[in-house]
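To keep things clear, I will list the structure first and then write my remarks on it.
Just so you know, all these numbers are worked out from the coordinates, no wet-lab data involved. All values reported here derive from a predicted model rather than from experimental measurement. Methodologically, a virtual Cβ is constructed for each residue, glycine included, from the backbone with ideal geometry; neighbour enumeration extends over all protein chains shown.
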Amino acid sequence: MSDKPLTIGVILSGCGVYDGAEIHEAVLTLLAIVRHGGSYQCYAPNIPQHHVIDHRTGQEMAETRNVLTESARIARGNIRDLAMFAASDVDALILPGGFGAAKNLSNFAFSGADCTVEISLLRAVQAMVDAGKPVGALCIAPAVLARILGDVDVTIGQDAGTAAAIEQMGARHVPTSHGEIVIDQRRKVVTSPCYMLDANIAQIADGADRAVAALMQLAR
């Protein structure tokens, strides 16, 4: 086995919990990857956001933003268009949560179990599956994996409505609490609930760290 550090692809969906990637989950995922001896490459689709939310008031704003451009804020500019993703470039893939996963990477927030998935994300996950490489997801993002993969064990914590939608898509939902993860060894999928629970930032760090550690173990 090579001693070369593992590279984890991190798919972002904007910048901010209500209309993009959840920033705490994204940053703590990047931190966990490095602390476990890996490196990361961020990706995001080059598409318009579904909408823009004022994170102070929660109200929709009359403007448009680009998912790739906004995600570059978190990645400090080091980010690639998800349409250019190749499974050969990474050893594993992970999706932090935030409403961007359910509004930009998919329309799960609006269509539930009948949702569709953004095409570049769909192709990226399918490429990883075809290559036998592991995929992880945090918060609401496991619901997107359920739409893509169907027959898979995932968790979003304990929200009954979201769990029911996941089951409708052919996946199995496993209830979890703070910092816990679910590993589907057969499908090489790791998920953790993070802010789908009423969590604090330390609990988010625990979930991200454990998910990344498990993902990297599967990648080895």
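Close amide-amide hydrogen proximity is noted between S39 and L6, T7, I8, each under 5 Å apart and 5 or more residues distant or on a separate chain (H modeled in the peptide plane; Pro and chain starts excluded).
Out of all DSSP beta bridges with both ends in the chain, state the antiparallel percent to the nearest 5. So the antiparallel bridges in the chain amount to around 25 percent. When only alpha carbons are used to place a centre, the stretch 125-193 and the stretch 19-60 end up 19 Å from one another. Between Q158 and A202, the C-beta separation translates, for a Förster distance of 25 Å, into a calculated FRET efficiency of about 0.85. Return, ordered by residue number, the residues of the stretch 50-83 whose backbone nitrogen is under 13 Å from a label point located 7 Å along Cα→Cβ of I119. Answer for the stretch 50-83: 83.
Membrane-span-like helices in the chain (whole DSSP H runs, Cα extent of at least 15 Å along the helix axis, mean Kyte-Doolittle hydropathy of at least 0.0): 23-35, 119-130, 201-219.
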